[in-house]
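Accompanying notes for the structure given below.
The values are calculated or read from the model by the stated rules, or taken from the named source; none is laboratory data. The shown structure was predicted, so the numbers you read here are calculated from the model rather than taken from an experiment. Note that each Cβ is placed from the backbone with ideal geometry, even for glycine, and that neighbours are counted across all protein chains shown.
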Amino acid sequence: MEENKRILVVDDEESIHLLYREELEEEGYQVFSAMNGEEALEIFGSNPIDLVILDINMPGMDGIEVLRQLKAQKPSLPVILSTAYSEYKHDLGSWASDDYIVKSSSLDELKTSIRKRLG
Amino acid sequence: MSPNRSLFKKTKKERTVETLARENESMVREISTLYKISGHLMTTVSVDEIGKTVIRAITGEEGLGFDRAVICLMDEQEAVLKEVWRGEKGEESSARDIIIPLNKDGGALAQAVQEKTPITINAGSDPVLSKIWFEGSDCADCAVVPIIAKDKVMGVIVVDNSCNNRATTKENVRVISMLANRTGLALDNARLYTLLDRTNKELVEARGLLAEAEKLAAMGEMASTLAHEIRNPLVSIGGLARRAIKVVNGDNGGRRYLEVIVDEVGRLEKTLNELLDYAQEPAESYAKKDLNHIVKECLELMRREFEEGSITVKKDLRSIPPIWCDERQIKHTLFNILLNARQAMPEGGAIRVSSSVEEDDAGRFVTCTIKDTGGGIPEAILHNIFNPFFTTKKGGSGLGLAISYRIVSHHGGKIEVENEPGQGVAFSVKLPMNPEPRGHNVYKPKNKVKKQKIE
């Protein structure tokens, strides 16, 4: 069980935060929640975040822009795109995210990806 | 007029008037003939009809009354004249397919084309004319008149009258020239008409394809948006129901309800993924593959299914060259069609799978046809079968054929349906034999997310 690893979840849906927070805390992670891109960058600027789970389609600054800014600040930061769209999965390469996971009611795939990246 | 008038000896003046009257009469007849022919020529757009009309007009007794006529047309590509029609005494006969070069070997015919002017010549002194008039009428004088439309030579009319050399008189050459002009106009009209007709057909076809592509694109986009709007709440419902199961103690009745929720959400998510498969632009991976091999693999996958359903499978797979395709997608397509065939025959039946190489206007195709005995598709719904969400099956997603259609379109191919209501239906998947792979996108769903490269 990973202790003390900090995960930032960025999504504009309250209920997703509720679900992700409970599931990830159960796995022993410390979870930070941001409702939009601006908030995400703010939290990232004042906390030592180890991994980011990022929605793409959000009002205001979209996930791709957040990804670009996060990677500019810390290129080694693992960022997992988590979205309701499956269409863009094959564009992953051009977006330089570490993984692209289509949202699902089972968080197994997401958890596996996190474990892989946080060791 | 006195009845005895003719008994008197005609004066010189009277004789001149008579001759003039006769000439006049013949000119009126010729002009009226020309007028009639012109009228007829202007109402037809069939090239063959034009040629035959002109032949009959030149050689018929009702027409200009020459012995024989031949019409040659220009072959622009090969730069030669080709004999197309010939006739004698009002009857057209089969052309002898004589080809005349446009150089000095082409004799008077080539000369008439080059100089754009009528020529009168004795057939005996011209090798080409001797060849055209095969009956050894070497002595006959001929008129060779170019058919000109819009300053372009379209062919020549060759006329002779071995009996009285009428063809060579200046007046007659003039009449034939007038006829040749009309012929030129008529042929040009026919050419333009054919061109217009073809363009129009192509336009109608293109418009149909475009409408189809637009319809499918709109539906694809809708599917994508819908899927997104539904997925987020589903993730919360399903995910939190899973959590609730962990929290609920033991055999508390609520647990069973939650399990139903989790299962149902799982089912909805699966449907959503299928939907998105449709809306999604397929990531293609092309390689040279043998379609027969793909067909056999699909049949192998379905073997048990067919056996259990008392369905016999007959294969007629010809030797076909490998094609560039995305094997996974083509397999998906064939599998879909086979599955539909299976479901159309709940009481058993027969499936015939054949493959061959075919050719049409668009090029060469390898074709795989899957024919069943499932009673066919009712005519009323036939035009809907490729629409997304259209289904006749309980619990069907209506996406099987829609996805197949898209896949084959992306390959630059097409799916053809031959439906025999009451009997069965045959689906033919036609894939082009391109030397190179192609990403032929019928349409792309619009991006909902701004893509940005990260340096």
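When you check B:GLU88 against the structure, is it at pLDDT below 85 and closer than 19 Å to B:GLY184 by Cα, yes or no?
Details: at pLDDT below 85: yes; closer than 19 Å to B:GLY184 by Cα: no.
Taking the combined requirement at face value, the residue does not satisfy it.
Of all the criteria given as (1) loosely packed, with under 10 Cβ neighbours inside 10 Å; (2) in a strand (DSSP E or B), the one not satisfied by B:CYS72 is (1). Across the stretch B:284-308, the number of residues qualifying as under 30 Å from B:MET222 (Cα atoms) and either at pLDDT 85 or above or more than 14 Å from chain A (Cβ to nearest Cβ) (or both) comes to 1. The numbered conditions (1) modelled with pLDDT of 85 or more; (2) more than 7 Å from chain B (Cβ to nearest Cβ) are all true for A:LYS71 except (2). Residue check: is B:ASN441 modelled with pLDDT under 80 and touching a Ser or Thr at 6+ places or on another chain (Cβ under 9 Å)? So B:ASN441 fits the description; yes.
One line per residue, one yes/no per condition, for (1) at pLDDT 85 or above; (2) out of contact with any His (no Cβ under 7 Å at 6 or more places or on another chain); (3) surrounded by fewer than 19 Cβ atoms within 10 Å (Cβ to Cβ); (4) not assigned by TED's automatic domain parsing to the domain that holds B:TYR35:
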site	(1), (2), (3), (4)
B:LYS152	yes, yes, yes, no
B:VAL159	yes, yes, no, no
B:ASN165	no, yes, yes, no
B:LYS170	no, yes, yes, no
B:ASN200	yes, yes, yes, yes
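Determine if the stretch A:24-34 includes at least one residue that is at the interface with chain B (Cβ under 10 Å from one of its Cβ atoms) and in contact with a strand residue (DSSP E or B) (Cβ under 6 Å, 6 or more places away or on another chain). Talk me through it step by step, then tell me what you get.
Quick first cut of the stretch A:24-34, residues at the interface with chain B (Cβ under 10 Å from one of its Cβ atoms) only: A:26.
Filter once more, keeping what is in contact with a strand residue (DSSP E or B) (Cβ under 6 Å, 6 or more places away or on another chain): none.
No - not one qualifying residue is present in the stretch A:24-34.
Could you grab me the full set of residues in the stretch B:35-54 that are surrounded by fewer than 19 Cβ atoms within 10 Å (Cβ to Cβ), modelled with pLDDT under 85 and either part of a loop (DSSP other than H, G, I, E, B) or of a type in the set (A, V, I, L, M, F, W, C) (or both)? Explain how you work it out, then say what you get.
Within the stretch B:35-54, the first condition is being surrounded by fewer than 19 Cβ atoms within 10 Å (Cβ to Cβ), and the residues that meet it are B:35-36, B:38-40, B:42-49, B:52.
Filter again for modelled with pLDDT under 85, leaving B:35-36, B:38-40, B:42-45.
Answer for the stretch B:35-54, where residues must be surrounded by fewer than 19 Cβ atoms within 10 Å (Cβ to Cβ), modelled with pLDDT under 85 and either part of a loop (DSSP other than H, G, I, E, B) or of a type in the set (A, V, I, L, M, F, W, C) (or both): B:MET42, B:THR44, B:VAL45.
Go through the residues of the stretch B:262-283 one by one and say whether even a single one is within 14 Å of chain A (Cβ to nearest Cβ), at pLDDT below 75 and touching a His at 6+ places or on another chain (Cβ under 8 Å). Checking the stretch B:262-283: at least one residue is within 14 Å of chain A (Cβ to nearest Cβ), at pLDDT below 75 and touching a His at 6+ places or on another chain (Cβ under 8 Å). Checking each residue in the stretch A:51-65 for being within 11 Å of chain B (Cβ to nearest Cβ), touching a strand residue (DSSP E or B) at 6+ places or on another chain (Cβ under 7 Å) and buried (at least 21 other Cβ atoms within 10 Å of the Cβ) picks out A:ASP55, A:ILE56, A:GLY63. Condition check: closer than 21 Å to B:ARG406 by Cα, in a strand (DSSP E or B) and out of contact with any helix residue (DSSP H, G or I) (no Cβ under 8 Å at 6 or more places or on another chain). Does B:LYS270 satisfy that? It is false that B:LYS270 is closer than 21 Å to B:ARG406 by Cα, in a strand (DSSP E or B) and out of contact with any helix residue (DSSP H, G or I) (no Cβ under 8 Å at 6 or more places or on another chain). The residue of the stretch B:327-351 that is modelled with the highest pLDDT, among those that are among the basic types (Lys, Arg) and touching an Asp or Glu at 6+ places or on another chain (Cβ under 7 Å), is B:ARG342.
Check A:SER46, A:SER82, A:SER104 and return the single one that is hydroxyl-bearing (Ser, Thr, Tyr) and surrounded by fewer than 20 Cβ atoms within 10 Å (Cβ to Cβ).
On the way: A:SER82 fails: surrounded by fewer than 20 Cβ atoms within 10 Å (Cβ to Cβ); A:SER104 fails: surrounded by fewer than 20 Cβ atoms within 10 Å (Cβ to Cβ).
Within the list A:SER46, A:SER82, A:SER104, the selection yields A:SER46.
Closer than 30 Å to A:HIS17 by Cα, away from chain A (no Cβ under 11 Å) and modelled with pLDDT of 85 or more - does that describe any residue in the stretch B:228-251? Yes, the stretch B:228-251 contains a residue that is closer than 30 Å to A:HIS17 by Cα, away from chain A (no Cβ under 11 Å) and modelled with pLDDT of 85 or more.
Would you mention how many residues in the stretch B:403-427 are in contact with a Phe, Trp or Tyr (Cβ under 9 Å, 6 or more places away or on another chain), part of a strand (DSSP E or B) and closer than 24 Å to B:ILE311 by Cβ? Final tally of qualifying residues: 4.
Per the listing B:ALA57, B:ALA21, B:ALA112, B:ALA108, the residue uniquely part of a helix (DSSP H, G or I), in contact with a Pro (Cβ under 9 Å, 6 or more places away or on another chain) and either surrounded by 13 or more Cβ atoms within 10 Å (Cβ to Cβ) or not charged (D, E, K, R) (or both) is B:ALA112. Filtering the stretch B:120-134 to residues that are without any contact (Cβ under 8 Å) to a residue 60 or more places away in the chain and β-branched (Val, Ile, Thr) leaves B:THR120, B:ILE121, B:VAL128. What residue, of B:ALA123, B:ALA112, is among the aliphatic types (A, V, I, L, M), in the same structural domain as B:MET178 (by TED's automatic domain parsing) and touching a Ser or Thr at 6+ places or on another chain (Cβ under 8 Å)? Unique residue meeting the criteria: B:ALA123.
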